[in-house]
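The values are calculated or read from the model by the stated rules, or taken from the named source; none is laboratory data. This is a predicted model, so every value here is computed, not measured. Backbone-built Cβ (ideal geometry, glycine too); neighbour counts: all protein chains shown.
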Amino acid sequence: MIEVKRLVYGYQASEKPVLNGIDLTVRQGEYVALIGPNGSGKTTFVKHLNALLVPLEGSVSVDGMDTRNPRDVPEIRRRVGMVFQDPDSQIVGMTVEEDLAFGPGNLRLPPQQIRRLVDDTLAKLGLSGLAKRIPHTLSGGEKRLVAIAGVLIMKPRCLVLDEPTAYLDPAGRQRVLGIIRELNNEGITVLHIAHDLQDIADASRIVLMNGGTVLLDGAPGDILNEGEILETLNLAVPPITELMRRLREQGWSVATNVLTVQEALVEIMASLPGKKGEAHLCAGGAVEAVSHV
Ligand SMILES: Nc1ncnc2c1ncn2[C@@H]1O[C@H](COP(=O)(O)OP(=O)(O)O)[C@@H](O)[C@H]1O
Ligand SMILES: [Mg+2]
């Protein structure tokens, strides 16, 4: 659905470009995690996906529409919804429900239809109880969900989220990550800029940017195996992933694309020497252990 070719961009024409020839194709339904050190160009890159920025060289197209074509920009922005890093910059309404009604209101939809869209979207994100609240009185996690709701109400096919768990407590973070996973399961393409690799356990693909280029692009298991590169770039590999890598070095046949303790348990049980053990990951993330003696 997204095709980026040889994209070059710089904020000042006189300076060194910030994006140095990016090639990337994203298919409908993928969950792509975009990682990379601070200043590597992640935010600048995703702003190209809904024509907030346009390439100096190369091209960006969404479902075949070129972002440099002004006539296609409204449709591109409808298809690619952007949740910015700072939710405050995105929330404009006096109340949560007014904020959500803003986008559909711009499309001049009939009031009853807007009402229904607002109610449905609030319910979907578990925000119904907050409809009348004043946005600046919400918690960080709630604000983030309201910002996501404001984008989701426009029914995008692709959701771009720029560090959506920044400044959230563990509960808020799990809630936001759960919603992202659910939306992707429903078929929405996800591009998730993540600072913390523990946030991207649900991604189907990881793209690593450095210095305005794509350094690595592949399956999570393969990218997380590049411990040395990740370390050089100061991208901390989650401890559980590191544990799996070390077990593998010791001759255990465990997968290394492991990001959660539950997955690690399943891997370790399956490869226990001597006694045959087995564990299954149940719905909801619980682990069921079965030992055959
Ligand atoms: N509005 C801007 N004007 C000028 N330079 C910018 C602007 N936004 C970002 N930059 C520069 O572009 C580079 C990439 O920044 P950014 O895309 O924000 O990276 P990331 O999101 O990976 O941290 C940095 O060197 C940053 O200073
Ligand atoms: Mg950024």
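A compact table of results
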| item | result |
| --- | --- |
| Selected residue [on the phi < 0 side of the Ramachandran plot, more than 16 Å from ligand 2 (Cβ to nearest atom) and surrounded by fewer than 17 Cβ atoms within 10 Å (Cβ to Cβ)] from GLU3, GLU97 | GLU3 |
| Unique match (being touching a residue at least 12 places away in the same chain (Cβ under 8 Å), in the same structural domain as ALA166 (by TED's automatic domain parsing), touching a Lys or Arg at 6+ places or on another chain (Cβ under 6 Å) and within 16 Å of ligand 2 (Cβ to nearest atom)) among LEU49, LEU34, LEU19 | LEU34 |
| Matching option when the condition is within 16 Å of ligand 2 (Cβ to nearest atom), among the charged types (D, E, K, R) and either free of Cβ contacts under 8 Å to residues at least 12 places away in the same chain or surrounded by 16 or more Cβ atoms within 10 Å (Cβ to Cβ) (or both), among ARG79, ARG144, ARG116, ARG175 | ARG144 |
| Meets criteria (closer than 19 Å to VAL83 by Cβ and surrounded by fewer than 20 Cβ atoms within 10 Å (Cβ to Cβ)) for ASP196 | yes |
| Within the range 151-254, strands (runs of 3 or more DSSP E) holding 2 or more residues that are more than 18 Å from the chain's Cα centre (by Cα) and under 30 Å from LYS16 (Cβ atoms) | 213-218 |
